[in-house]
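Remarks on the structure that follows.
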Amino acid sequence: MKSNWYQQAVGYQIYPKSFRDTNGDGIGDIKGIIEKLPYLKDLGIDFIWINPIYKSPQFDGGYDISDYYALDEARFGTMADLKALIAQAHARDMKIIMDLVVNHTSDQHPWFIESRKSKDNPYRDYYHWQPATPEHLPNDWQSFFGGSTWTIDEVTGEAYFHVFAKEQPDLNWHNPKVREAIYEMVRWWLTQGIDGFRLDAISHLEKAPWDFKIKSLDGNDPWEPFMNVTGIEGYMRDLKAIFDAYDALTVGEASGVSSQQAPDWTDDQGYIDMIFELEHTFKDAQGKADILHYKETVMRWQNDLLARGWNAPYLENHDQPRVIDVMGDGTEASAKALAVAYMLLRGTPFIYQGQEIGMTNFDYTDISQVNATDTIYLYQEKLAEGLSKAQALKAATQTSRDHSRTPMQWDNTENAGFSTGTPWLAVNPNYQEKNVARAEKDPDSILALYRFLIQLRHDYSAISEGSIKFLLPSHPTVMAYEREEFLIVTNLSPKATAVTFETPLDHYWDVLTNHSVPTTSLMVLRPWGYHIYRKQ
């Protein structure tokens, strides 16, 4: 019987390049994670998700793997370091999960290097190759990074398929040799002592027939031919059998899997334990979120997975700008309200490094400060459209992934205590005021609130496992819900607002202040106000 320990747990995501550098090369490393395990234990989290540390040319932040069995030792450290991290995390009752990237490899992976040598190479069928000319590509599908999903290779004159960058060719999962090699690799990593995987881009493994016609370039249609396409079920069942054999925790990045389909993916018989939905991360042209859209998306996913299945609530990750600026107004008050709104939902919440101290977006002044490939591509596109350098920079960086990848701000010393060398990405100048050391001394900090919310999840099964019922579902900014004996109310707005509940709140006390609640059904919420009530 598979354990459901994760339902009472809280996860913490680490982007290793930016977490803590111990050798002064400006790049975070495994030893840096080990050094900060006491901090993570004090925070209260139960497991750590580590972004890719595999051997990679780092064209896409490590999601372009050139050797599935090797770590990028020059940047991150050795297998001995990783084994030490696993052992020390386990000694503190924390688990470790790593990224599993099996939709594609790097174009520098030995399989692809062989594959492109000739049409009859034994590895040719490890990838998707098709006859093509510049005027007649196999189809008009568009990649996530912009442009065609096909790149013609000069060696054989044929084109290979990639849903991301051309440096990330997609594996051909129809080939049983590919599947066998991947399954063997998955088992090997689980025998190294890790506790599971975050499955990157897992819903793209199957592709539609090459003659599939895209309906439009709006919405999700451009990517419909490779998002949760029928036929993926067999691959997922194979993977599930391996995961179950090792009681591995699995979190899927599964775009294209709807909230209605998610129970089949995540219930007791499902392929994985939980899904990261991407719908709530919608942003407008100015890089700002729509609070009502966020609220409606969250409510739908929570309700659709209430009877069976499991959610993985999150606000930030390595691919999203900082939530304090996207959904909030840059103030600590907004960061706190957002924390309360999502941390007490049903599911296993994830915290991204720096989110717990309210790290903010970076104020870019030149494209040289950017590392993210897709942002640089977009900047070049905007220049080609006739925008000035300043206009192109603003347009390209509004939603850049680099906002969340600036180095972790540990203290107010040089480079925010991240590194004694020159950081690979510039440190946000506000580290003097916004850092862990300062937050730890402030009982009213965002960090202190996160610690409290994590403890609340650990102490009460009503929050970790209980049901959920949303109140005021159509209110544009107030997110309110019941978790059995708890009532959570948050105003996700810089404006004060008043709300009326159907019944008086005379049977509740305020968990945050230990005060009884006045007998009234009317509640006036301050800007970014929040309350956590429990029935007496």
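Of everything listed in (1) touching a helix residue (DSSP H, G or I) at 6+ places or on another chain (Cβ under 8 Å); (2) loosely packed, with under 14 Cβ neighbours inside 10 Å, the single unmet condition for Tyr126 is (2).
When the residues of the stretch 398-431 are filtered to those that are under 23 Å from Glu356 (Cα atoms) and of a type in the set (Val, Ile, Thr), the one that is modelled with the lowest pLDDT is Thr399.
Scan the stretch 159-178 for residues that are buried (at least 17 other Cβ atoms within 10 Å of the Cβ) and over 26 Å from Arg401 (Cβ atoms) and jot them down. Full working, then the answer.
Keep residues of the stretch 159-178 that are buried (at least 17 other Cβ atoms within 10 Å of the Cβ), which gives 159-173, 178.
Hits for the stretch 159-178 are Ala159, Asn172, Trp173, Val178.
Pairs linking a residue in the stretch 519-531 that is on the phi < 0 side of the Ramachandran plot to a residue that is charged (D, E, K, R), with Cβ atoms under 9 Å and 6 or more positions apart or on different chains, are Thr519/Asp506; Thr520/Asp506; Ser521/Glu502; Pro527/Asp329; Pro527/Lys495; Tyr530/Lys336; His531/Asp510. Of Leu278, Leu199, Leu239, all but one fail to be modelled with pLDDT under 95, surrounded by 15 or more Cβ atoms within 10 Å (Cβ to Cβ) and either assigned by TED's automatic domain parsing to the domain that holds Pro52 or under 17 Å from Trp310 (Cα atoms) (or both); the exception is Leu278.
Remark: pairs (first residue in the stretch 302-316, buried (at least 17 other Cβ atoms within 10 Å of the Cβ); second residue assigned to a loop (DSSP other than H, G, I, E, B) and of a type in the set (Phe, Trp, Tyr); Cβ separation under 7 Å; 6+ apart in sequence or on different chains) are absent. When the test is whether a residue is surrounded by fewer than 22 Cβ atoms within 10 Å (Cβ to Cβ) and closer than 30 Å to Leu171 by Cα, Glu35 does not pass it. The helices (runs of 4 or more DSSP H) found wholly in the stretch 423-518 and carrying at least 2 residues that are free of Cβ contacts under 8 Å to residues at least 12 places away in the same chain and farther than 30 Å from Ser368 by Cβ occupy 446-459.
Here Ile113 meets each of (1) among the hydrophobic types (A, V, I, L, M, F, W, C); (2) touching a Lys or Arg at 6+ places or on another chain (Cβ under 8 Å); (3) outside any loop (DSSP other than H, G, I, E, B) with one exception, condition (2). Taking the criterion of being assigned to a helix (DSSP H, G or I) and of a type in the set (A, V, I, L, M), the residues of the stretch 244-293 that qualify are Ala245, Ala262, Ile291, Leu292.
On the stretch given as the stretch 118-147, residues that are among the charged types (D, E, K, R) and either in contact with a Phe, Trp or Tyr (Cβ under 8 Å, 6 or more places away or on another chain) or part of a strand (DSSP E or B) (or both) total 1.
The values are calculated or read from the model by the stated rules, or taken from the named source; none is laboratory data. Note that the structure is a prediction, hence the values are computed from the model and not measured. With ideal geometry, Cβ positions are generated from the backbone for all residues, glycine too; neighbour counts draw on all protein chains shown.
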